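J.: Just passing along the structure, written as C-alpha cells.
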Amino acid sequence: MKDIIDGFLKFQRNAFPERVELFKGLATQQSPRALFISCSDSRLVPELVTQREPGDLFVIRNAGNIVPSYGPEPGGVSASVEYAVAALQVADIVICGHSDCGAMTAIATCKCLDHMPAVAGWLRYADSARVVNEARQHPDQPTKVAAMVRENVIAQLANIQTHPSVRLALEEGRVTLHGWIYDIESGRIDAFDGHTGSFVSLADNPQVHAVSHQARHVA
Ligand SMILES: [Zn+2]
C-alpha cells in the first residue's frame, strides 16, 4: 500500500499542479467524448493506451469487458451505459478486450469455476461468444483463447445495441461503436471492421469502426 500512497503524494506534488487549470474546468462538469468499456485487468490502462487526460474518457471496467443485454433488472453496467449515452452524449463507444484475458481463458478452456460462483455467473453474459467459439475448430489452445477474446468483443457489441439509449443514439447518428483488442506484449490494437467482419490493425486503419449510423444503411 505504501507505493500507492507514495504515488498519490507524487501526484499531488507534480501531476496535479501541471493540470491545475484542467481540474478547475472539470470541478463542476464533465463532457467526455467517449465511453470506454474494458476488462478490469491491471495490464490494460485505457487512459495510458489512448493517452487521454482526466475528463476525456467515461470508463466502465469489469471482468471480461462485458455488457449485459438490456433487461428487466439492469445493473451497474447498464446504468453507466445509459448515463454516458443519454446524459453525457458520448460520440463514441469503445469495447476493448485484450490478450491473455483470464476471463476469456476460463471460458475457452472450460475451467471449473465452482469455487467462484459470482465469476461463473457473470461470465454467462459471454455465452453467445462461447457457443460460437466452441463450434469452431482451433489448432491449439492459445489460438482458441485469442478467438474467444475476439468473439466476445463481437458479442458485447451486439449486447450493447439492445440498450435503448444506444439504439436511439445510433438511429440519430450521434454515436459510433468500436470493438478493439489490445495486445499486452506488443502494445498493438486490432479493431473490428463492421463492413468486412474482421479485425484489422487500428494503426493502419484509423477510420475503421464496428457500427455506425452510416453502416446500418450500407449493410
Ligand atoms: Zn481480461
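J.: Out of everything in segment 185-200 that is small (Gly, Ala, Ser) and surrounded by 20 or more Cβ atoms within 10 Å (Cβ to Cβ), what residue ends up being nearest to residue 50 (Cα to Cα)?
T.: Going through the qualifying residues, I end up with 191.
J.: Another question about this same structure. Based on this model, can you work out whether residue 94 counts as more than 16 Å from the ligand (Cβ to nearest atom) and either modelled with pLDDT of 95 or more or on the phi < 0 side of the Ramachandran plot (or both)?
T.: no
J.: Could I ask something else about it? How about segment 127-185: which helices (runs of 4 or more DSSP H) wholly inside it have at least 3 residues that are more than 23 Å from residue 91 (Cα to Cα) and small (Gly, Ala, Ser)?
T.: On the way: elements: 127-135, 141-160, 164-171.
Filter on segment 127-185 gives 127-135.
J.: Residues 84, 34, 27: which one is surrounded by fewer than 15 Cβ atoms within 10 Å (Cβ to Cβ) and more than 16 Å from the ligand (Cβ to nearest atom)?
T.: 27
J.: Can residue 77 be described as within 16 Å of the ligand (Cβ to nearest atom), in a loop (DSSP other than H, G, I, E, B), closer than 20 Å to residue 168 by Cβ and open to solvent by less than 80 Å² (accessible area, probe 1.4 Å)?
T.: Details: within 16 Å of the ligand (Cβ to nearest atom): yes; in a loop (DSSP other than H, G, I, E, B): no; closer than 20 Å to residue 168 by Cβ: yes; open to solvent by less than 80 Å² (accessible area, probe 1.4 Å): yes.
In short, no.
J.: Yes or no: segment 124-136 includes at least one residue that is within 12 Å of the ligand (Cβ to nearest atom), in contact with a helix residue (DSSP H, G or I) (Cβ under 9 Å, 6 or more places away or on another chain) and either within 28 Å of residue 49 (Cα to Cα) or open to solvent by less than 30 Å² (accessible area, probe 1.4 Å) (or both). Steps first, please.
T.: Quick first cut of segment 124-136, residues within 12 Å of the ligand (Cβ to nearest atom) only: 126.
With the extra rule that they be in contact with a helix residue (DSSP H, G or I) (Cβ under 9 Å, 6 or more places away or on another chain), the set shrinks to 126.
This time we only want the ones that are either within 28 Å of residue 49 (Cα to Cα) or open to solvent by less than 30 Å² (accessible area, probe 1.4 Å) (or both), so: 126.
Yes; the residues of segment 124-136 include at least one that is within 12 Å of the ligand (Cβ to nearest atom), in contact with a helix residue (DSSP H, G or I) (Cβ under 9 Å, 6 or more places away or on another chain) and either within 28 Å of residue 49 (Cα to Cα) or open to solvent by less than 30 Å² (accessible area, probe 1.4 Å) (or both).
J.: Looking at residue 122 and the list (1) part of a helix (DSSP H, G or I); (2) closer than 26 Å to residue 194 by Cβ, which single condition is not satisfied?
T.: All conditions are met except number (2).
J.: Give all pairs with beta carbons closer than 6 Å in which a residue from segment 66-90 that is under 13 Å from residue 36 (Cα atoms) meets a residue that is open to solvent by 60 Å² or more (accessible area, probe 1.4 Å); count only pairs at least 6 apart in sequence or on separate chains.
T.: Going by the 6 Å Cβ cut-off, the qualifying pairs are 66/125.
J.: Is there a residue in segment 54-68 that is basic (Lys, Arg), within 13 Å of the ligand (Cβ to nearest atom) and surrounded by 14 or more Cβ atoms within 10 Å (Cβ to Cβ)?
T.: Checked against the condition, which is being basic (Lys, Arg), within 13 Å of the ligand (Cβ to nearest atom) and surrounded by 14 or more Cβ atoms within 10 Å (Cβ to Cβ), segment 54-68 yields at least one hit.
The values are calculated or read from the model by the stated rules, or taken from the named source; none is laboratory data. Because the structure is a prediction, the values reported are computed rather than measured. Note: ideal-geometry Cβ built from the backbone for every residue, glycine included; neighbour counts use all protein chains shown. In case anyone asks, the SASA skips ligands and DNA or RNA and just uses the protein heavy atoms, side chains included. Shrake-Rupley method; radii C 1.70, N 1.55, O 1.52, S 1.80 Å.
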